[in-house]
1. In region B:1-100, carbon and sulfur make up what percent of the accessible area (probe 1.4 Å)?
2. With N residues in the protein assembly as shown, what two-decimal value do you get for its Cα radius of gyration over 2.2 N^0.38 Å?
3. Give the cross-link partners of B:Lys5 among the lysines, using a straight C-alpha distance below 25 Å as the criterion and excluding same-chain residues fewer than 8 apart.
4. Rounding to the nearest 20 debye, state how big the charge dipole of region A:5-87 is about its Cα centre with +1 on each Lys and Arg Cβ and -1 on each Asp and Glu Cβ.
5. Name the residue, out of B:Ala254, B:Ala153, B:Ala41, whose mean-square fluctuation peaks in a Gaussian network model built on chain B with Cα pairs under 10 Å.
6. If the chain between B:Arg129 and B:Glu220 were fully stretched, how many nm would it gain, using 0.36 nm times the residue separation less the Cα-Cα distance?
7. Before I look further, what does region A:91-136 give for accessible area per residue, probe 1.4 Å, in whole square angstrom?
8. With contacts defined as alpha carbon pairs under 8 Å and 6 or more residues apart, what's the relative contact order of chain B in percent?
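The values are calculated or read from the model by the stated rules, or taken from the named source; none is laboratory data. Model, not experiment: these values are computed from the prediction. Positions of Cβ are backbone-derived with ideal geometry, glycine not excepted, and every protein chain shown enters the neighbour counts. Side chains included, ligands, DNA and RNA excluded: accessible areas come from the protein's heavy atoms. Shrake-Rupley method; radii C 1.70, N 1.55, O 1.52, S 1.80 Å.
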Amino acid sequence: MADKVNFELVSPQRLLLSEAVDMVVVPGTEGDFGVLAEHAPLISTVRPGTITVYQGNAVTDRIFVAGGFAEVTAERCTVLAEEAERLEEIDRAAVEAQIRELREDLGSASSDEERQFLESRIAVAEAKIEAVESAVYQ
Amino acid sequence: MPSLKDLRSRIASVKSTRRITSAMKMVAAAKLRRAQDLALAARPYSERMERMLSSLAGASGGLGSLPLLAGTGKDDTHLLVFVSTDRGLCGGFNINLMRQVRRRFRDLQGQGKQVKIFCIGRKGAALVRREYPSALVAQVEDIARPVPSYDKAVEISQRITAMFEAGEFDVCTVIYNRFVSALTQTVTPQQLIPFAPPANSGTAANGDAGGAAYEYEPSEEDILSELLPRNLAVQLYRAFLESFASEQGSRMTAMDNATRNAGDMISRLTMNYNRTRQAFITKELIEIISGAEAL
């Protein structure tokens, strides 16, 4: 077990993933970082992007997260995601429709707070599309 | 002695009551399964977040600049967030909570503190309004339609944060029913502001990372200032879910009891009815026989 990382991905709704893996790549706010066993303790914020899970050299899971926090210690890596979804489960057309809807709402938003909120939602949805696209090309 | 007609209509009404309570029990049982899944699924997140925050708070060692973490430096005004239900007929659910609220209220007032109550759910608000009308500062209803949503929790946490920033209170505690099983719920107070690491945090003790120096990306303060409001929302969300599951459990038990009571009552009434009917028949027979003998 010493050369594995106990990776846990939790969203407010559920515990998405909890397993020992060889490496995870987490999209940190200041750049992606890979976590192997014996990583230095680290706490980072997470930007919307894709978490990639490796077993050996093979990618076993790709999960989209809409921001959150990551805590890394020598033996475990915990990601608290606001929203998490497996890439293969994302329905691209639905996300695109959602973006259109949000854009419309943005046009009719009355307060700055509302506008800010909608903009952040759009950014997340766009990141989701991007994640799906980049996965297709890989 | 009640007439036969009265008895018949009472039996009919108890029977229809039993139909209703048993239907409510069924509904509660169905909802309970869903609510229980939700509540259990939300536990890991809030527990991990608490763990992360406590190690962060422990490592940052008195980072006094963030009031959400360190408090305002005094504890004159307490805010109690009282998570009750919107609908009744769920046994002692709200009453048990209210008992805890009352005790806290008295304790705090005894210490010369001011207490404010933020009430969630219609039933709790009614109880509070009757007893402490001046303490009720805010009230939210319909958080669980059909199930508690995270967005709603965020909204409420923002309201609470705004109140905190406006200096309306110093300490915030949420009081909710924690779901143990369909039969048991425990009234749980949890302090939210300032952040209090859970007393039984075995994780901090078994020394993983041992409060060791974490690296922070971006800075510690940025993370904390994002994490703390998030934590508030998450803890509230969890309280809502636990409370929702408890409510269904409590209602199911209460309705089960009610159904059983109605059943007992029906058999008692039916017995009574039959006896009375028999008595009438006997009486009529006696009248006929004695009439015939008199001839």
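1. Numbers: 2720 of 4960 Å².
Of the solvent-accessible surface of region B:1-100, carbon and sulfur hold 55 percent.
2. Working: Rg = 29.0 Å, N = 433, 2.2 N^0.38 = 22.1 Å.
Normalised Cα radius of gyration, the protein assembly as shown: 1.31.
3. Leaving aside lysines fewer than 8 places away in the same chain, those within reach of B:Lys5 are B:Lys15, B:Lys283.
4. Details: 5 positive and 12 negative charges, 32 e Å.
Taking the Cα centre of region A:5-87 as origin, the dipole is about 160 debye.
5. Comparing B:Ala254, B:Ala153, B:Ala41 in the GNM, the peak value goes to B:Ala41.
6. Numbers: separation 91, 0.36 × 91 = 32.76 nm, distance 4.25 nm.
In short, 28.5 nm is gained.
7. Details: 3030 Å² over 46 residues.
Averaged over the residues of region A:91-136, the accessible area is 66 Å².
8. On the way: 392 pairs, mean separation 94.6, N = 295.
Computed over chain B, the figure is 32 percent.
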